[in-house]
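These notes are about the structure you will find just below.
The values are calculated or read from the model by the stated rules, or taken from the named source; none is laboratory data. Values in this document were obtained by computation on a predicted structure and should not be read as measured data. No Cβ is skipped: glycine too gets one built from the backbone with ideal geometry, and neighbour counts run over all protein chains shown. Surface accessibility is based on the protein's heavy atoms, side chains included, excluding ligands, DNA and RNA. Shrake-Rupley method; radii C 1.70, N 1.55, O 1.52, S 1.80 Å.
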Amino acid sequence: MSLTLSRLFPGRDVSQLRRKALPLPTLRLLRFLRAAVVAGVVLTSSLVASRAHAQATTGDVVGTVVDSTGSAIPGATVELTNMDTHEKRTVVTGDSGQYTFTLLTPNRYSLVISRSGFKKSTINTFSLAAGDRARQDSTLQVGAEDQTVQVEAQAPVLQSDSSVLATTITNEATQDLPLNGRNYINLVQVVPGATEGLNNGLASGNRPDDRRQTSSVSINGQADVINNQLIDGMDNNERVIGSIGVRPSVESIQEVNVQTNTFTAEVGRSAGAIINVITKSGTNGFHGSAYEFFRNTVLDANPYKFGAVIPKPKWNQNQFGGSLGGPIQRDKTFFFGDYEGFRLVKGQNPTQTTVPTAFERSNPGNFTDNPSINRVVDPTAFDKVGLQYFNLFPLPTSTALSNNYTVAPSYAQNATTADGRVDHHFNNGDIFFVRYTYNAVSTNIGGLFPTVSAAGLSVSPGGNLGSYPGPAFSNAHQAQLDYIHSFNPNTLLELKAGYTLLHTAQDPPGFGQAVNTAFGQPNININDRTNELAPITISLGATTLGFHPPIIYLENTWQYVGTLNWNHGKHSFKFGAGVIRRQDTSTQTDSAAGTWTIATFADLLTGAFTSVSRNAILITPHNRSYEPHAFVQDDWRATSRLTLNLGVRWDYYQPY
């Protein structure tokens, strides 16, 4: 809640008001309002008082109808029309000439206001964004009802009926601005108060857990995992990693509403921002699109090569798709759908690591060419497993005396996105829609070292334990049902249900092969979670072989929400409750097959190690929790110059 003198006295010099001696009744009024504001702030300390950006998904249109003298006109008929679907709603102004429309889909609208003895007033078109509480006041002129006065709607400099700090990213922005990978999050990252977060953050797309495009946004300096991500007002949060559930194509986005402060009581669980994606619905006209965007290696600059002669890393990227929306039955049923494909093949930045020299590979055990080792190992002292590990290293890429190996590892990613939505308007004024979004992302990152034939297997040696090479996928599904029932023009009930399924997995290269068992090393590949090449690290040169065990995340989220909207006089009440049910299964260990640290290549040949550790999950955890909530909100237009946004919200986060 915010209340300032400039709101109480719009258009007047507030400094003059402070200097002048105010009448006693005015001072008492201001003291009363100050006390009311303080009480309201205490009451709404749990993410409550807000701009009547009242809905996270829909918007309101409010206004007052007066005559030429400024007197209120009760009993005037106000008809609101959706310009694209021809949906109509009608209300009658109250005793103070006020009217309110709630639960309106973001779109273009028109207004017609009529009253016996006055000329009809029309506002031909104005736009409504998600969360708006748009004010459209009207002055009726005395005259015949068949006469019409047309008024041009103008967007207000600020919304005087709300106190939420929010930014709306429009359909034009998502469609027309250049976006790397057509990722709408890039636009959220540049709204006031936002940054893109850490490059290696959990939701950055640069981690092994989730290799989808970044969903990382830091608002007002807060961590990127404490935002509340929504689609059409429903939960879109992935809780295990801290990213998002699904990512709709920008073709399906009507707008993105980003609330950064003083949220309404209707939304919660955020210390950062409320990021709400509003999806498109079909209209009475057919609209479609087709596109392809590409990037090519010939357009790229040469990389820094660390002194090695290597070719320019490949970069071939294609992103293509299309959309189509329109009527199934005019003015009644509408559809919208889209498809997007993404294909990327590239070489990563060159990486340099240490390997045995060509001399050492030709003369196993002789390290006299390396002053740091300067040692000869008797072949009779070779450890048979250590020797097989030693032979997995490739030859250096530089001169014969060098032990440097430089390569640009491969990277390939394929992604598919599909969205579908069907809306239906019933004859009694009820509205229903169903939405489905599907994401499938498959990524394969190559290891530093080439595949080697060893012990009857085709072994991928890896070469950089920190990069988590190998195949990974993230498959996500989300479905939503939304139903609005109109008891009367001033009382509406909205019911929502949603489900999200996210399955993410990352496997090391060659996973499923019991390589250590084939090498003759027992008790390493003990189950299907440890069937990979166990990792080793050579301290001299900080080079590695082997892989981390696979990472598997599986998350199910159910959500149910009900909200009753009741407009009564100068009050717009909202009562709501809901629950989120989360289930996840998570398994990740970095040393389930064991991890060895070995001082030098000579020690590797003898089987001598400086340390070894092992940490394996024996029982896969299955986490369950409930997140219920309830709220009450009242947007009270106390006077023509003062609106109070009041609310109380309760959230409970059950321990796993």
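Here is how the numbers come out for the structure above:
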{"item": "All-pairs alpha carbon distance profile, region 52-131, 10 Å steps from 0, percent", "result": "18, 49, 28, 5"}
{"item": "Model label zone, His287; criterion: amide N under 17 Å from point 7 Å along Cα-to-beta-carbon; scope region 118-136", "result": "125-130"}
{"item": "Cα-only Debye scattering, region 316-368: base-10 log of I(q)/I(0) at q = 0.12 Å⁻¹", "result": "-0.61"}
{"item": "Ratio of Rg to Rh over region 497-576 (Cα coordinates, Kirkwood Rh, two decimals)", "result": "1.49"}
{"item": "Considering only the chain, percent of DSSP beta bridges that pair antiparallel, nearest 5", "result": "90 percent"}
{"item": "Measure of compaction for the chain (Cα Rg per 2.2 N^0.38 Å)", "result": "1.23"}
{"item": "Two-site FRET efficiency, Leu324 against Val579, from Cβ-Cβ distance with R₀ of 25 Å, rounded to 0.05", "result": "0.10"}
{"item": "Which of Lys314, Lys570, Lys496 is most accessible, then next, and so on - probe 1.4 Å", "result": "Lys314, Lys570, Lys496"}
{"item": "Principal semi-axes in Å for region 187-285 [√(5λ), Cα gyration tensor, largest first]", "result": "22, 17, 12"}
{"item": "Inter-label distance for Asn488 and Asn363, nm, one decimal - labels placed 7 Å from Cα along Cα-to-Cβ", "result": "10.0 nm"}
{"item": "Computed over region 198-345, Kirkwood Rh from alpha-carbon pairs, angstrom", "result": "18.4 Å"}
{"item": "For region 98-234, the spread of Cα positions along each principal axis, largest first, Å", "result": "71, 28, 25"}
{"item": "Residues Val632 and Ala271, FRET efficiency given R0 of 22 Å [Cβ-Cβ distance, rounded to 0.05]", "result": "0.50"}
{"item": "Binned Cα-Cα distance frequencies in region 371-452 - 10 Å width, integer %", "result": "11, 21, 20, 12, 10, 9, 8, 6, 3, 0"}
{"item": "Antiparallel %, DSSP beta bridges [both residues in region 110-241], to 5", "result": "65 percent"}
{"item": "P(r) weight above 16 Å for region 86-178, C-alpha pairs, percent", "result": "64 percent"}
{"item": "Surface share of carbon and sulfur [accessible, 1.4 angstrom probe, percent] for region 143-276", "result": "49 percent"}
{"item": "Point-charge dipole on Cβ atoms (K/R +1, D/E -1) for the chain, about Cα centre, debye to 20", "result": "1380 debye"}
{"item": "Over region 553-656 - Rg/Rh using Cα atoms and the Kirkwood inverse-distance radius", "result": "1.45"}
{"item": "Per-residue [θ]222 nm for the chain (sum of -39500 (n - 2.57) over DSSP H runs n ≥ 4, rounded to 500)", "result": "-2500 deg cm²/dmol"}
{"item": "Cα convex hull of region 404-543, projected area averaged across orientations, nm²", "result": "13.9 nm²"}
{"item": "Options Phe118, Tyr438, Val78, ranked by Cα towards positive dipole end of the chain, top entry (Cβ charges)", "result": "Phe118"}
